[in-house]
Amino acid sequence: MSTLLSPYDTKVIAIDGPSASGKGTIAARIASILNRDYLDSGALYRLTALFAKQRKIDWANEEQIAQLAATLPVIFIGGKILLNDLDVTHTIRSEEVGLNASKIAAYPLVRAALLQRQRDFLTTKGLVADGRDMASVVFPNAELKIFLTASAQVRAKRRALQLDLAINGEEFKQILVDIEKRDAADRTRAVAPLQPVADAHILDTSSLNIDESVQKILDWYQIIKK
Ligand code: C5P
């Protein structure tokens with residue numbers, strides 16, 4: 001596994017947390033306010049899972065999936081994600097792709113294959129990176145480490161709202177089940193499990209909206225910059 005860290009590897013705000021915790025929206029907003037690049041590391045795991053499914057690779061074949069991860073033909077351009085020149089921006093957001101991503105994310109070879117690719121997103125401009133192991137593995141020297149939490153119920157409600165679904169129907173129940181399943185898999189896996197590092201700021205967003213969450217993180221950022 002590569003351990004190459006860049007000379008400016010402190011210029012990172014790492015935002016980790018479970019699925020549907022709002023970290024993507026929050027991280028992208030902070031990157032834009034601070035004029036930094038943004039890394040959605042989950043997209044790389046989702047892309048690997050989608051690519052493996054398209055190639056009909058056996059889910060148990062860790063080596064082959066890692067090989068795909070290392071050579072993903074992906075382009076991030078103007079808010080769009082192209083895999084093999086096809087626009088998969090929306091396709092990779094499905095719950096099915098999320099669950100498959102979680103499955104292959106438990107493979108050490110896959111994580112190793114994606115490590116340098118994630119670090120390469122960092123330039124002198126600085127980065128806001130979101131995922132599960134940004135602070136613990138990918139950017140251990142990040143200047144600010146945030147761990148977002150919110151109850152599974154709250155996160156399932158947010159997801160249902162995004163999808164325009166009622167929050168008492170069968171579809172909502174399924175969303176909740178999927179979220180809990182993915183949480184359990186991400187928290188209990190042997191490599192890079194989802195858990196806060198010792199120096200993380202914990203932010204429970206259950207009763208905060210996006211603006212309030214962003215503000216809280218910017219307040220912490222101002223404190224470390226003083
Ligand atoms: O963040 P997102 O829901 O898009 O991530 C999809 C899956 O990819 C997660 O459930 C997790 O298993 C995996 N992942 C990871 N490490 C990251 C980002 C995502 O294991 N840094």
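Numerical summary
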item	result
Tally, over the stretch 96-117, of residues that are open to solvent by 40 Å² or more (accessible area, probe 1.4 Å) and part of a helix (DSSP H, G or I)	7
Pick from the stretch 59-87, criterion within 16 Å of the ligand (Cβ to nearest atom) and under 24 Å from Lys181 (Cα atoms), ranking: surrounded by the most Cβ atoms within 10 Å (Cβ to Cβ)	Ala69
Residue match in the stretch 204-212 (condition: under 26 Å from Pro140 (Cβ atoms) and loosely packed, with under 14 Cβ neighbours inside 10 Å)	no
Lys125 vs. criteria in a loop (DSSP other than H, G, I, E, B) and either away from the ligand (no atom under 13 Å from the Cβ) or under 13 Å from Ser19 (Cα atoms) (or both)	yes
Enumeration of residues in the stretch 119-143 that are within 12 Å of Ile13 (Cα to Cα) and among the small types (Gly, Ala, Ser)	Gly126, Ala129, Gly131, Ala135, Ala142
Complete set of residues in the stretch 33-55 that are in a helix (DSSP H, G or I) and not hydrophobic (A, V, I, L, M, F, W, C)	Ser41, Gly42, Tyr45, Arg46, Thr48, Lys53, Gln54
Residue that is farthest from Asp219 (Cα to Cα), among those in the stretch 17-32 that are open to solvent by 10 Å² or more (accessible area, probe 1.4 Å) and within 10 Å of the ligand (Cβ to nearest atom)	Ala20
Of all residues making up the stretch 76-105, the number that are more than 10 Å from Tyr45 (Cα to Cα), touching a residue at least 60 places away in the same chain (Cβ under 8 Å) and not charged (D, E, K, R)	1
Output for the stretch 143-166, where each listed residue is among the hydrophobic types (A, V, I, L, M, F, W, C) and within 23 Å of Ile26 (Cα to Cα)	Leu144, Ile146, Phe147, Leu148, Ala150, Ala152, Val154, Ala156, Ala160, Leu161, Leu163, Leu165
Condition met for Ala192 (buried (at least 18 other Cβ atoms within 10 Å of the Cβ) and farther than 18 Å from Thr25 by Cβ)	yes
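The values are calculated or read from the model by the stated rules, or taken from the named source; none is laboratory data. Everything quoted here is computed from the prediction, not taken from an experiment. Backbone-built Cβ (ideal geometry, glycine too); neighbour counts: all protein chains shown. Heavy atoms of the whole protein, side chains included, go into the accessibility calculation; ligands, DNA and RNA do not. Shrake-Rupley method; radii C 1.70, N 1.55, O 1.52, S 1.80 Å.
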